[in-house]
Amino acid sequence: MTTAAPLEAPSPAPPERVGLSRTATGRPVPSAWDRARARMRLEDPVVGWTACIAVALLALGLRLWHLGTPHVFEFDETYYAKDAWSLLNFGYERDGTADANKLILDGTTLHGVFKDSPEMIVHPEVGKWLIALGIKAFGMDPFGWRVSAAVVGSLMVLVMCRFARRITGSTMLGVVAGLLLAFDGLQFVLSRLALLDIFVAFFVLCGVHCIVADRDWHRGRLARLTPTQVSHGWGPVRGLLFRPWLLAGGVCWGLALGTKWEAIYPLGAFGLLCWVWSAGARRSFGVRWALPKAVLTDGVPAFVHLVLVAGVVYTATWTGWLMHANQYEEHLSATQYTHYQGGKDWPTRTEPDASGLGEVTQSLRSLWYYHQDVYTFHTHFLNGSTHTYASKPSGWMFLNRPVGVAADTGIKPGTRGCGAPAGSDCLRQVLLLGNPTIWWGGCVALLLACAMWVGARDWRWGVAVVGVASTWLPWLQYDDRPIFSYYMIVALPFVVLALVLAMGTLIGSGRGPSFRRTVGVVVSGAFFVLALANFAWFWPIWTNQLLTHGEWLDRIWFSRWI
């Protein structure tokens, strides 16, 4: 009888990979392909769109409430509303007469409102054309010239919801972001004024959203390829030269620049970030020396889509000016540029009119000289000037100096609804003041964003940091001229993004400890309720409501707010 050979001991299993192959909790780190595909699987789109639209409609209702009051030109509405009406009727901006404001508020026609000469405008025309759409629909009155801002401000809330939802992957956080934006006083009041800043903020947000969407699109295209197709040589080029989201972004950036030049800084910052993201995507998919290679494979297409397209769109926004270039050549900038010096008149030297293609070339050259005039105005003419509500940009994040855009003071007790006690009085005011909870909480969230971007290398926090830095810090070089805190409206969406990312970090994922999630929900919920309470508290001085002097002082927390 033979005996069976003894069984051999099983060979030891190969050691598992350690280090970056597993997370701190022991879960395998997903590959670049898995991460890219996961970014494409967001929550139910029907629920997401329904919730975001509902928030935008709420914002629109708040902004349309008593939009036509006060029945005055508030702050710089005296320029932009009349410019818009002039564009609507003449195709270019004409100078207003001395009595123009009174005539318009009295309901007059065009007669006697405008001179025959063009106005020396110092901002492009996109925002004023949008204001003109409201005037065309509802007439030349306060409601008519403010309604476009209300609509665009509400659309900005919708884009904020979608933007935050894309970055966080959470419909709930997207909705919270939209509500925080809707409940901020700066965004709310600017959505009820015919100023340009709400329009440039909207287009900048759309432009950044397109660049973030392109990041997902680019990685999604790479994820559809095999590892060999991606990592070979320079990586894939065909199929990635045309990037539809960047093309849409170029249009948005052109419209932003066509509203105010300040959009040039975030365009440059996020253009560079787009290139770095593309290089990072190629590196994560196995391409060696991805950063320098991406200069050609991704940087050049991004430059074409963002910068060149934006340049074409921007030039097109000056069509009204170009069609009436002869007016400006005769009265203001000339085809032979003479450098402007403070205290002297604008140059009026002209050339004989050209025809055909020469006329186009001459008009474009005149537009270029006109831009030189405007740049000189912004960088030299205003230096040393003062304004009651001007403030240093270093304090804008802390709400150092709000801007009063309308005030009706000295209302005596017993008149016009004033119920103040004897010896006191009532007043109405519209104050461009941010929601303190959002802005001061945003300062803390931005510090966390810097730490998370550098420490955790989480790109989402970088969007918030770059967004605030590129829309705020450039103003520090212009603090010797009158500038105003409401310029920070362009930075506000990125402050809100930092806040909702911080909320998401506090709450954690569904797989986290329940106690931590409970604490995170309570803290985040309390912050949101406090922001909502601030919105209700400051509502009267954001909407021109009647207050006694004491009630007004209760809302003016610092002497610099007066």
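Observations on the structure shown:
- None of A390, A420 is touching a Pro at 6+ places or on another chain (Cβ under 9 Å), part of a loop (DSSP other than H, G, I, E, B), closer than 17 Å to W472 by Cα and in contact (Cβ under 8 Å) with a residue 24 or more places away in the chain except A390.
- Any hit, the range 537-549, residues being touching a helix residue (DSSP H, G or I) at 6+ places or on another chain (Cβ under 8 Å), surrounded by fewer than 15 Cβ atoms within 10 Å (Cβ to Cβ) and over 27 Å from V157 (Cα atoms): no
- Test: residue in the range 452-475 that is in a strand (DSSP E or B), within 21 Å of G153 (Cα to Cα), touching a residue at least 12 places away in the same chain (Cβ under 8 Å) and not basic (K, R): no
- Among residues of the range 153-181 that are at positive phi, those with a Cβ under 8 angstrom from a residue that is open to solvent by 20 Å² or more (accessible area, probe 1.4 Å) and of a type outside the set (V, I, T), sequence gap 6+ or separate chain, pair up as G169/R39; G169/L42; G169/E43.
- Residue match in the range 221-228 (condition: of a type in the set (S, T, N, Q), in a loop (DSSP other than H, G, I, E, B) and more than 26 Å from A302 (Cα to Cα)): no
- Residues of the range 262-302 classified as aromatic (F, W, Y), in contact (Cβ under 8 Å) with a residue 60 or more places away in the chain and out of contact with any Leu (no Cβ under 6 Å at 6 or more places or on another chain), total: 3
- Note on the range 90-129: residues that are closer than 16 Å to G144 by Cα and buried (at least 19 other Cβ atoms within 10 Å of the Cβ) amount to 4.
- Qualifying residue in the range 428-437 (condition: among the β-branched types (V, I, T), open to solvent by 10 Å² or more (accessible area, probe 1.4 Å) and within 18 Å of T168 (Cα to Cα)): no
- Residue within the range 504-521 that is farther than 15 Å from A201 by Cβ, in a helix (DSSP H, G or I), open to solvent by 10 Å² or more (accessible area, probe 1.4 Å) and in contact (Cβ under 8 Å) with a residue 40 or more places away in the chain present: yes
- Tally of residues being of a type in the set (A, V, I, L, M, F, W, C) and surrounded by fewer than 21 Cβ atoms within 10 Å (Cβ to Cβ) across the range 130-157: 6
- Meets criteria (in a helix (DSSP H, G or I), over 17 Å from L273 (Cβ atoms), in contact with a helix residue (DSSP H, G or I) (Cβ under 7 Å, 6 or more places away or on another chain) and of a type outside the set (A, V, I, L, M, F, W, C)) for G442: yes
- Residue check, D34 open to solvent by 40 Å² or more (accessible area, probe 1.4 Å), modelled with pLDDT under 90 and in a helix (DSSP H, G or I): yes
- Taken over the range 181-228, residues that are farther than 27 Å from N435 by Cα and of a type in the set (F, W, Y) amount to 1.
- Within the range 104-131, restricting attention to residues that are assigned to a helix (DSSP H, G or I) and more than 18 Å from E74 (Cβ to Cβ), the residue that is nearest to the chain's Cα centre (by Cα) is V126.
- Of the candidates D554, D480, the single residue that is part of a loop (DSSP other than H, G, I, E, B), on the phi < 0 side of the Ramachandran plot and open to solvent by 60 Å² or more (accessible area, probe 1.4 Å) is D480.
- Top-ranked residue of the range 181-196 - restricted to ones that are open to solvent by less than 10 Å² (accessible area, probe 1.4 Å) and part of a loop (DSSP other than H, G, I, E, B), ranked as nearest to N544 (Cα to Cα): L193
- Scanning the range 257-313 for residues that are in contact with a helix residue (DSSP H, G or I) (Cβ under 7 Å, 6 or more places away or on another chain), modelled with pLDDT under 90 and among the polar types (S, T, N, Q) yields a count of 2.
- Test: residue in the range 430-451 that is farther than 17 Å from L506 by Cβ, out of contact with any Phe, Trp or Tyr (no Cβ under 6 Å at 6 or more places or on another chain), without any contact (Cβ under 8 Å) to a residue 12 or more places away in the chain and among the β-branched types (V, I, T): no
- Subset of the range 281-306 [open to solvent by 60 Å² or more (accessible area, probe 1.4 Å) and in a helix (DSSP H, G or I)]: R283, L291, P292, V295, L296, V300, F303, V304
- The listed residue being surrounded by fewer than 16 Cβ atoms within 10 Å (Cβ to Cβ) and under 27 Å from T548 (Cα atoms), out of P402, P413: P413
The values are calculated or read from the model by the stated rules, or taken from the named source; none is laboratory data. Nothing here was measured: the structure is a model prediction, and the numbers come from that model. Neighbour counts are summed over all protein chains in view; Cβ atoms, including those assigned to glycine, are modelled from backbone coordinates with ideal geometry. Keep in mind that these areas ignore ligands, DNA and RNA; they rest on the heavy atoms of the full protein, side chains included. Shrake-Rupley method; radii C 1.70, N 1.55, O 1.52, S 1.80 Å.
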